[in-house]
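Colleague: Next up is a structure, given as structure tokens.
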Amino acid sequence: MAAKKNIVILGAGNAGIETAQGLSKALDPNEWSIKLVSDRPFHLHYLALLRTVVTEDGGFAEKAINPLDRVFQPGRPGEVVVGNATSVQDGVVNLEDGRQLLYDYLVVATGTTWAGPLAFPKSVEAKNKWIADWRVKFRVANDIVILGAGAVGIELAGELKHYYPNKNVT
């Protein structure tokens with residue numbers, strides 16, 4: 001039997017997870033290995049996180065922050081690797097902790113980074129404190145300035161005005 005072909009997917013945002021799940025459903029587990037690399041052990045649904053950092057209302061933290069152990073179905077190819085990719089060479093992804101992942105196919109879906117309330121920490125332990133700290137900041141602020149009027153900026157402004165209608169949100 002020929003060796004399995006390896007697919008490494010860098011990034012476990014929406015694009016990385018959708019790619020990993022689609023490939024896992026379509027490919028023969030006897031012929032393929034899929035590794036989904038993420039720098040955190042959980043997935044963040046950013047639009048839902050905006051309400052999470054503003055209020056406890058609706059229990060959105062449980063809906064917007066999902067463990068990555070649910071990405072792959074049992075018996076299908078797929079493994080989550082928590083680590084930071086530091087470099088990519090021909091056929092090898094090097095991780096910060098010294099591990100190396102061999103690949104035949106590489107998918108780069110590293111997404112973007114956010115500043116402010118969506119710059120979530122990497123650890124499970126730190127995320128709850130992060131959320132609580134931002135809720136306090138918003139609760140005690142009288143004036144809030146949001147830079148950017150894309151989907152994230154508009155959604156954050158809407159959440160703030162909904163829960164704090166008397167605050168100045170610009």
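Colleague: On the protein heavy atoms, probe 1.4 angstrom, tell me the percent of accessible surface of the chain carried by carbon and sulfur.
Modeller: Heavy-atom surface of the chain belonging to carbon and sulfur, 1.4 Å probe: 53 percent.
Colleague: For the chain, what is the accessible area per residue in Å² when the probe is 1.4 Å?
Modeller: Using a 1.4 Å probe on heavy atoms only, each residue of the chain averages 58 Å².
Colleague: Using only DSSP helix segments of four residues or longer, with each worth -39500 (n - 2.57), what per-residue ellipticity at 222 nm results for the chain after dividing by its residue count and rounding to 500?
Modeller: Calculated mean residue ellipticity at 222 nm is -10500 deg cm²/dmol.
Colleague: Rounded if a/c is under 1.5, else prolate if a/b is larger than b/c, else oblate: which is segment 31-170, with a ≥ b ≥ c the root eigenvalues of its Cα gyration tensor?
Modeller: It is prolate, given that a/c is not under 1.5 and a/b is the larger ratio.
Colleague: Using a cut-off of 16 Å between alpha-carbon atoms, which aspartates and glutamates can reach residue 167, once sequence neighbours fewer than 8 places away in the same chain are excluded?
Modeller: Correct list for residue 167: 143, 155, 159.
Colleague: Another question, if that's okay. I'd like the orientation of helix 151-163 relative to the chain: the angle between its Cα long axis and the longest Cα principal axis, in ° from 0 to 90, rounded to 10.
Modeller: Once rounded, the angle reads 40 degrees.
Colleague: Here's another thing I want to ask about it. From the cross-link list 127/161; 35/63; 25/129; 5/25, which pairs have alpha carbons spaced over 26 Å apart?
Modeller: Beyond 26 Å between Cα atoms: 25/129.
The values are calculated or read from the model by the stated rules, or taken from the named source; none is laboratory data. Keep in mind that what you see is a predicted model, and the values were worked out from it rather than measured. Keep in mind that these areas ignore ligands, DNA and RNA; they rest on the heavy atoms of the full protein, side chains included. Shrake-Rupley method; radii C 1.70, N 1.55, O 1.52, S 1.80 Å.
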